[in-house]
Amino acid sequence: MKTTELDIPPQVKKIIIDRGIEELYPPQADAINTGVLDGKNLVLASPTASGKTLIAELCALKHILENDGKVLYLTPLRALTWEKFEEFQAYSSLTKLDGKKIRVGVSSGDMDNSSPWLQAYDIVICTNEKCDSLLRHRSPWMNGISLVIADEVHLIGSDRGPTLEVSLARLRQMTPDIQILALSATISNAYEIAEWLKAESVTTDWRPVTLREGVSQGNHIMFKDGDVKGTQRFHKQDPINLSLNALEEGGQVLIFVESRRRAQSTAKQASLALKKRLSKREQTELHGIGAQIGSHGEKTRLTDDLAEIITGGAAFHHAGLNRQHRKIIEDAFKNGFIKILSATPTLAAGVNLPARTVVIGNYKRFKPGYGMQPIRVMEYKQMSGRAGRPQYDTEGTALLIAKSEDEQEFLMEDYILGKPERIDSRLAQESALRGHTLAAIASDYAHSEQGLLDFFGSTFYGYNYPTAGIRLILGSLLRYLQREKMILFEGDRIKATDFGRRVSELYIDPLTAVVLRDGLKRGALDITEFTWLHLICHTPDMRPILRPRRKEIDLVENYLEDHRDEISVHMSDGYDYIDMENFLGEVKTAMVIEAWINEVSESDLLERYNVQPGDRYSAVTNGEWLLYATQEIAKILGLNEFRREISQLRTRVKHGVSKKLLPLVRLKGIGRVRAQVLFNSGFTTQAKLKRANLRQLTALPLIGPKLSKSIKEQVGGLVDEVEWKRLDNVVAAQSSLSSFVEEEYEEKQDDKQ
C-alpha cells in the first residue's frame, strides 16, 4: 500500500513522505485494511520495529485534525513516555481546524493531582499508573478522550498488568464509543484481548529485518533453518567471543545477562578486548563520552568504572545507573560509538535500542526461594526482537548459548521454535484487587457489591472467567475495607469514607494506609526521624527494599537494637527467617534514606551500603511520596502534632539535605549540590543571599549569572541590571563545555525534584 493512497490529512501525508516512507509495511497495510483509520478498535501484535508506532500516529492525527478529538497514549515506563513524546513532537507544527497547532503533553508523576492543565493538550502521553490516578481523581478533561492507544498491552499479564486492565475498562465505561488501539509484541492469544476490547486483530511475525535465530555450542552455531556456522575463538567467555565474531561482520552487539554484576564484568572484559580494534577517531569520541559520564552526577566507583569501560568501546546498562548515565549510553550506542552493550533484561522492555546482533548470555534468572530458573519464552522473544536495525541492516542475529548438545537441542525446541505463553489477567490477586476495589467505590464507578462484580466483569479477567471466581475474594476485601473504616454500607449501597477516598486519591495500597495510620496512632517511645523513615519502609508500597548483604547483617541488626525504641511498628517475636530478612531490609532502606538526608555522598552510599545511584533514586522517590501520604493521613486523622515534622522530613528526603540547607533548597534552581556550595561559601540563609552582590554569587562554582539573578529576585534583593548584563556577557564568552554540562545536570536534577 502506497502512502499516497492513505485517507489522511495532506499535511500529515507530506511529513510522512518527507521521512522517506513511501510504502507501508505489510502489518501497517493490514491494520489500515481493518478500518482502524475509520474508528474501529484494533489489537496490532507484531515484532519490534514492524511499524506499530506509525499506525498509532496516523490514528491520533486523524482524530485531532479531522474530528477535533483528544488522544491518550499509555505506556508502561516513564522512559517510554518521553520517547513517544519526542516522536509525536514531529507533528507539533500541524494546524488544527481551529487554526491552532497540535500540542503534545507528558505526565508521569504527581499521583495526587487531577492535572487540569492537560486539558490544553491534544495528545497526552502518560504511564498506566498516572492514567489510573487521573481516573481516580475524575479528571474532567478525560471525558473528551476519543482515542486511547495502549502500548505494550501484553504486559496485562505482568504484576503491573491489573492497572492497565482496569484503566481500559474504566475508559470504556466512561466513553462507550471511545476507539482503542492496543499495540503488542507477538503473543499467542492476542485474539482474546481483541475480543475483550471488541476489536479487530492483526497478528504477524513479519519484520522489516530478517531475524536469524541460533544456538551456539562450542565453536559453531546452529540456526533455526538448519544452517551451521563456525566461529573463531577470540575470547574465553562465550558471550564476548560471539560478540567479537559478530563485530567482524560489522554492526553492534547487545549482550543480555542475568544480573547487574554480570553486566558490569562482561562490559569490562569486552572493553579490554575491543580497545585494539578502535580507530583514533573512535577513541577520541569515546573519551569524550566517558568524560560526560564524569560530568553528570556525583563521582562514584561505579561511574569511574563506567567511564573507563566506555573508552574501550563497550558499556553496561542497568537500573542501578542514574537516568542521565543511561541516556548517555543509549545515545552513544544509537550513534554507533559503543560497539558492545551489556545489559540486564529490563532494557528489552524499555527504550528502542536495536543492534545487529543480540547475544543472550544466560537464559536463566535468579528467583528468590527457587534459585536459577529458565526465563519465559516471551522474555526471550523480547530480547531477540532487538536484533536487526531497520534502515541499517538486512538481517539481524539472535543467539542463545548452550554448554552441551542436549542443552542446544532444548534451547532450539523450547525457545527458538517455541511459542510465547498466553497472556492471563493478574487482577484476581488480592494485592491487586484491594486497591482497585477501593478506587472503584471512592471514584463512584461502582456503588454496590453487584456493581463491583459488573465492573470487574468488564475487565480482561471478566472476559476470561466468571465473576464468581472473584466473588469470595471481593467479599473478604470489602469486609477488610469496612473494618479499617475505608468504606461503609448503607443497605446494599457502598460508600467510601473520607479516609477511604483520600487513600484512593493518594494512590497507595489500602494496606499501606493501614500501616501508616496505625504507626501514627501508636507512635514510639522515642519519636525521631528514623521513626517515620522506618514506618514508610514497612509499607508494601516501599518496594523493592534494599536487602542487606551477608556482611551487613550485623551492622543492620546492631542499628535496629540501638534504635528499637524509635520504631512505631509492632515487632512480633514469631518472625520466621523470611520475615526477619524482610524486616532487616526495611531497616536498611530506612538507614540509607537517613544517610541521604544527612548528606552522605553517592560514593559513600555505594561503598557503605552497596546502594547504586538508581536504587537510591527509587528509594528516595518512593520515600518522598510515602512521607507525603503519611502527612495527608495525619491531616485527615487530626494528628496535627506530627504534620510539620513529617512535612519537613519529606522536603529533606526530596532534596537529600540536612536541616541547615532547607532554606536554600526551597529556592528554585537550587538543589543539593548548589545548596552545599552556597552554604560552604558563607551564604547560609536567604537574608545573607539578599545582601550578596551578583559578582559574589556568579564567582561560585555552578552558580552562573542567570541563576544569581534568579536567586536575588527570589529572596527580594535588588538586581543591578547593568552589572548583570556585563557579568552575563563575560561568563558567556568564557564558559567551557564542562561548566555547561555541570549546570545542565544540576538544573535537570532540580526540575525533577
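The values are calculated or read from the model by the stated rules, or taken from the named source; none is laboratory data. Values in this document were obtained by computation on a predicted structure and should not be read as measured data. No Cβ is skipped: glycine too gets one built from the backbone with ideal geometry, and neighbour counts run over all protein chains shown.
Yes/no matrix, rows are residues, columns are (1) within 16 Å of ARG616 (Cβ to Cβ); (2) modelled with pLDDT under 90; (3) touching a Leu at 6+ places or on another chain (Cβ under 7 Å):
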position: ILE527; (1), (2), (3): no, no, no
position: THR531; (1), (2), (3): no, no, no
position: HIS534; (1), (2), (3): no, no, no
position: HIS570; (1), (2), (3): no, yes, no
position: GLY574; (1), (2), (3): no, yes, no
position: MET580; (1), (2), (3): no, yes, no
position: GLY585; (1), (2), (3): yes, no, yes
position: ILE597; (1), (2), (3): yes, no, no
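Would you call ALA79 of a type in the set (A, V, I, L, M, F, W, C), surrounded by fewer than 22 Cβ atoms within 10 Å (Cβ to Cβ) and closer than 20 Å to VAL153 by Cα?
Details: of a type in the set (A, V, I, L, M, F, W, C): yes; surrounded by fewer than 22 Cβ atoms within 10 Å (Cβ to Cβ): yes; closer than 20 Å to VAL153 by Cα: yes.
Against the criterion (of a type in the set (A, V, I, L, M, F, W, C), surrounded by fewer than 22 Cβ atoms within 10 Å (Cβ to Cβ) and closer than 20 Å to VAL153 by Cα), ALA79 qualifies.
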Just the residues that are without any contact (Cβ under 8 Å) to a residue 24 or more places away in the chain and crowded, with 16+ Cβ neighbours inside 10 Å, please, taken from region 463-480. THR467
Contacts under 8 angstrom Cβ, first residue in region 362-386 being of a type in the set (Asp, Glu), partner at pLDDT below 95, 6 or more apart: GLU379/PRO345; GLU379/ALA348
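Go through region 355-373 and give me each residue that's surrounded by 15 or more Cβ atoms within 10 Å (Cβ to Cβ) and not basic (Lys, Arg). Before you say what the answer is, go through the steps one by one.
First pass over region 355-373, keeping only residues surrounded by 15 or more Cβ atoms within 10 Å (Cβ to Cβ): 355-363, 365.
Within region 355-373, ALA355, THR357, VAL358, VAL359, ILE360, GLY361, ASN362, TYR363 meet the criteria.
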Go through (1) in contact with a Lys or Arg (Cβ under 9 Å, 6 or more places away or on another chain); (2) closer than 18 Å to LEU42 by Cα; (3) outside any helix (DSSP H, G or I) for ALA182 and report which single condition fails. (1)
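Evaluate the following for LEU61: is it in contact with a Leu (Cβ under 8 Å, 6 or more places away or on another chain), of a type outside the set (Lys, Arg), closer than 29 Å to SER133 by Cβ and not in a helix (DSSP H, G or I)? Give the steps one after another, and end with the answer.
Values: in contact with a Leu (Cβ under 8 Å, 6 or more places away or on another chain): yes; of a type outside the set (Lys, Arg): yes; closer than 29 Å to SER133 by Cβ: yes; not in a helix (DSSP H, G or I): no.
No, not satisfied.
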What helices (runs of 4 or more DSSP H) lie completely within region 437-500 and have 2 or more residues being charged (D, E, K, R) and outside the structural domain of ALA629 (by TED's automatic domain parsing)? 449-457, 468-483
Is region 215-226 home to any residue that is assigned to a strand (DSSP E or B), closer than 22 Å to LEU417 by Cβ and either touching a His at 6+ places or on another chain (Cβ under 8 Å) or assigned by TED's automatic domain parsing to the domain that holds SER443 (or both)? no
Please verify whether region 410-429 includes one or more residues that are more than 30 Å from THR512 (Cα to Cα) and in contact with an Asp or Glu (Cβ under 7 Å, 6 or more places away or on another chain). yes
Looking at region 309-325, can you tell me whether even one residue there is over 29 Å from THR75 (Cα atoms) and in a helix (DSSP H, G or I)? yes
Subset of region 79-88 that is out of contact with any strand residue (DSSP E or B) (no Cβ under 6 Å at 6 or more places or on another chain) and touching a residue at least 12 places away in the same chain (Cβ under 8 Å) - its residue that is nearest to SER107 (Cα to Cα): TRP82
Considering only residues that are of a type outside the set (A, V, I, L, M, F, W, C), within 15 Å of the chain's Cα centre (by Cα) and part of a helix (DSSP H, G or I), which ones fall in region 104-159? ASN128, GLU129, LYS130
Out of (1) surrounded by fewer than 14 Cβ atoms within 10 Å (Cβ to Cβ); (2) over 30 Å from GLY371 (Cβ atoms), the one ASN245 does not meet is (1)
